[in-house]
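These notes are about the structure you will find just below.
The values are calculated or read from the model by the stated rules, or taken from the named source; none is laboratory data. All figures in this text were calculated on a predicted structure; none of them were measured in a lab. Every residue, glycine as well, gets a Cβ built from its backbone with ideal geometry; the counts of neighbours run over all protein chains shown. Keep in mind that these areas ignore ligands, DNA and RNA; they rest on the heavy atoms of the full protein, side chains included. Shrake-Rupley method; radii C 1.70, N 1.55, O 1.52, S 1.80 Å.
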Amino acid sequence: MKSLTTSLRLLTSTLAMSLAMVPAWAEGSAPVPALTLELNAAQPSDKGCRLTFVVNNNLGADLSKAAFEIALFNEAGVVDRLTVLDFKDLPAGKTKVTRFDLAGTDCAKISRVLINSATECAGTGVEPNACMRKLKTDTKTGIAFGV
């Protein structure tokens, strides 16, 4: 019985020490470098459809230029048009909101926005393919959005 009590105490203290180390380990882990694009809103505008994006550059370096070719799909799932969205400069660690007015486009008829490619991805120490390789997408709209 005494050895069982000793074993339980040893197990309990080992577990307690392991759990105490978890917060220190979690705080020390660096965030994974990523460029996050969120399709935040799609609203009718005087010109057509206004797409609002929230962009967060966590690549660890400033982007002097970031532009993406996107494909807009209609309600039947057919590509309606291809266009390039120029996000311009994206400072490292900064969140930026950018709007694009798509002339002659009805927001209600967009079922999906696909990021086809990065036409520009430039910055000191940034690999040209980093904008696509480290891209994460999200949407706050009813429109599917992704790569």
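In this model, which of Lys96/Lys134; Lys47/Lys94; Lys65/Lys136; Lys47/Lys109; Lys65/Lys94; Lys65/Lys140 are farther than 23 Å apart at the alpha-carbon?
Lys47/Lys94; Lys65/Lys140
What translational diffusion coefficient, in µm²/s and rounded to a whole number, does the Stokes-Einstein relation yield for region 78-147 at 37 °C and a viscosity of 0.692 mPa s, taking the hydrodynamic radius as the Kirkwood radius over Cα pairs?
232 µm²/s
With the other protein chains left in place, how much accessible area per residue, in square angstrom, belongs to region 52-147 at a 1.4 angstrom probe?
In whole numbers, region 52-147 has 52 Å² accessible per residue.
I want to check the label-to-label distance for Asp101 and Glu75. Put each point 7 Å from Cα in the C-beta direction and report it in nm to one decimal.
If labels sit at Asp101 and Glu75, their model points lie 2.5 nm apart.
Relative contact order for region 36-109: what is it in percent, counting Cα pairs under 8 Å that are at least 6 residues apart? Intermediate values should be presented prior to the final figure.
On the way: 155 pairs, mean separation 29.5, N = 74.
The normalised contact order for region 36-109 reaches 40 percent.
Going by Cα centres, region 86-115 and region 43-66 are how many Å apart?
Cα centroid to Cα centroid, the span is 5 Å.
Of the peptides 37-43, 83-89, how do they stack up when ordered by the mean number of other Cβ atoms within 10 Å, highest first?
37-43, 83-89
Could you work out Rg/(2.2 N^0.38 Å) for region 91-130, with Rg from alpha carbons only?
1.63
Which residues does a label at Ala92 reach in region 38-75, if reach means a backbone N under 14 Å from a point 7 Å past the Cα toward the Cβ?
Residues passing the 14 Å test: 57-64.
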